[in-house]
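S.K.: What follows is a structure written as structure tokens; I'll ask about it next.
The values are calculated or read from the model by the stated rules, or taken from the named source; none is laboratory data. If you're wondering where the values come from, they're calculated on a predicted model, not measured in any experiment. Every residue, glycine as well, gets a Cβ built from its backbone with ideal geometry; the counts of neighbours run over all protein chains shown. Heavy atoms of the whole protein, side chains included, go into the accessibility calculation; ligands, DNA and RNA do not. Shrake-Rupley method; radii C 1.70, N 1.55, O 1.52, S 1.80 Å.
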Amino acid sequence: MSSRGNRFLDSLNDGRSVWLDNDKVSDLPSHPAFTGTLNTISRLFDFLDDSKVRDHVGYPVTGSDKYAHSSFLVPYSAEDLARRSHAFSYWAKETNGVMSRLSDYARSLVTGWYGSRKQLGKLDSQLESKISAYYQEARDKDLFLTTSLLDPQIDRSKGLDDQRIAERYLHVVKETSEGIVLSGAKMIATGAPYTNDFLIFSFNKVDVRHSKHAHAIIVPAGSKGLHIVCRESFAEVGVQDHPLSARYDEMDAVLLFDEVLVPWERVLINGDADAVWKLRSHVSSNTLAFHQTIVRFVAKLEFVTGVTFAVADAIGVNGFLHVQEKLGELITQIDTMKALVIASEAQAKVDPATGMWLPEASYIDTARSIGTKLYPRAIEILQQVGAGGFVQTPAKMSQFDGPLSDLLNLYFEGVSINAENKVQLFKLAWDLLGSQLGSRHELYERFYAGDPVRSFANQYLSSDKSALVDPIWKLLRQSR
């Protein structure tokens, strides 16, 4: 029997339409733009087949002898929540936090829907049964899932009342006995070329007047008429020269729908703008998914910090006070994010409506908001510590076996590290901060949670302001 990783790779041969550099990719696993990334994902999926590590990432499914990834575990206790958190952390550390959409985020949304299926079923008479069936299918088949929620950037000053905009945003063209037919576009779908299914709904609330744009659907990647248009590949060949880009390029894509049929069993909600928004903003499912994002973020900050420390050691600047200040700042970043993760889990409580054990959302929201500022700052510190050294490395590590090897070993040596290891370290750092992959990650961390300005504003709007303001007026009244 083939491994989970191989079955995942085989599942990509479903006739999907993936476009890269004006070419339709016929075999993703063998294409240089995807080979490294898919090898990484396949390896992660194989963990569930390994009895030595499967408990780190999975759980035994009740009533069977099978294991499922813990992102599918509905948490009904603190132990369940801890198991989910450990699985997220394990995958994140295996990929240095650099792969942020490994399916555990979107799977957590589905798991949250499933745990709340009876309550969500009030939105539509068939929603509970559809959620139940899909959750079990995704869990048992170990499906890779991703989301695509944003509308194309055509003219952000106009909305659906503009016909030119409305025709290009994803909308229902017609309904048939088999399902709904959609045309339009969606962005940004991270992991799109190699996902099994897309979870698609509107990121923003749709006015009830625009019912044909109101839908929550699950779209198979191999659907006829669905075109997955990739950005430029940032994948590189050779892990010695490009240790991150050769392994971890999570491809982003725009989805173009050209009269795509979505079967009724994959249509969760159609035409009801209020119901779609209630599903989109559902607290329990979002909390489970957002919890994954901050656990993963801790691993990424730890990785950036480790690289920065190693660079400082290699060039002998770790004794300078101003450098120590910056390195200490990185430690405070890690501790801040860890504390927020711990607080969210320590103050988790039972959702009385579903019985699920949910982490405290306020700490998760805070972590996601400040993460948009912490990561760019961490990269800035790495730049400041290594400075011009990042553009002073030989083009290829193989040059250490070439005619200039003796000179390279002489002039690229570090404090307590040989020249070859120092150059490889600096290449790793450059891949993190200066390569196309690195630039993409800084952009991603700034905006993956949405508009950071709106995120901070929403925290203010949703906060219990009276708990902070009332003591002020109490003090002033006592002072009269």
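S.K.: Could you check segment 298-318 and list, in sequence order, the residues that are touching a helix residue (DSSP H, G or I) at 6+ places or on another chain (Cβ under 9 Å) and open to solvent by 50 Å² or more (accessible area, probe 1.4 Å)?
M.R.: 302, 309, 315, 318
S.K.: Are any residues in segment 7-26 open to solvent by 20 Å² or more (accessible area, probe 1.4 Å) and either out of contact with any Phe, Trp or Tyr (no Cβ under 9 Å at 6 or more places or on another chain) or modelled with pLDDT under 95 (or both), and if so, which ones?
M.R.: Answer for segment 7-26, where residues must be open to solvent by 20 Å² or more (accessible area, probe 1.4 Å) and either out of contact with any Phe, Trp or Tyr (no Cβ under 9 Å at 6 or more places or on another chain) or modelled with pLDDT under 95 (or both): 10, 13, 14, 15, 19, 21, 22, 23, 24, 26.
The rows are residues; the columns are (1) in contact with a helix residue (DSSP H, G or I) (Cβ under 7 Å, 6 or more places away or on another chain); (2) open to solvent by less than 50 Å² (accessible area, probe 1.4 Å).
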residue: 39; (1), (2): no, no
residue: 93; (1), (2): yes, no
residue: 97; (1), (2): yes, yes
residue: 101; (1), (2): no, yes
residue: 104; (1), (2): yes, yes
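S.K.: Quick check on segment 371-388: of everything there that is in contact (Cβ under 8 Å) with a residue 12 or more places away in the chain and surrounded by fewer than 19 Cβ atoms within 10 Å (Cβ to Cβ), which residue is nearest to residue 111 (Cα to Cα)?
M.R.: Restricting to residues being in contact (Cβ under 8 Å) with a residue 12 or more places away in the chain and surrounded by fewer than 19 Cβ atoms within 10 Å (Cβ to Cβ), the top hit is 373.
S.K.: Would you mention how many residues in segment 42-58 are outside any helix (DSSP H, G or I) and either on the phi > 0 side of the Ramachandran plot or open to solvent by 70 Å² or more (accessible area, probe 1.4 Å) (or both)?
M.R.: Count: 2.
S.K.: Working carefully through the options 366, 393, find the one that is surrounded by 14 or more Cβ atoms within 10 Å (Cβ to Cβ), under 30 Å from residue 78 (Cβ atoms) and β-branched (Val, Ile, Thr).
M.R.: Answer to the selection: 366.
S.K.: Under 8 Å by Cβ, and 6 or more places apart or on different chains, what pairs join a residue from segment 129-140 that is assigned to a helix (DSSP H, G or I) with one that is modelled with pLDDT under 95 and basic (Lys, Arg)?
M.R.: Close Cβ pairs (under 8 Å, with a partner that is modelled with pLDDT under 95 and basic (Lys, Arg)) amount to 140/66.
S.K.: If a residue has to be open to solvent by 40 Å² or more (accessible area, probe 1.4 Å), assigned to a helix (DSSP H, G or I) and either farther than 14 Å from residue 387 by Cβ or touching a helix residue (DSSP H, G or I) at 6+ places or on another chain (Cβ under 7 Å) (or both) to count, how many in segment 319-331 make the cut?
M.R.: 5
S.K.: At pLDDT 95 or above, surrounded by fewer than 20 Cβ atoms within 10 Å (Cβ to Cβ) and among the charged types (D, E, K, R) - does that describe any residue in segment 191-199?
M.R.: no
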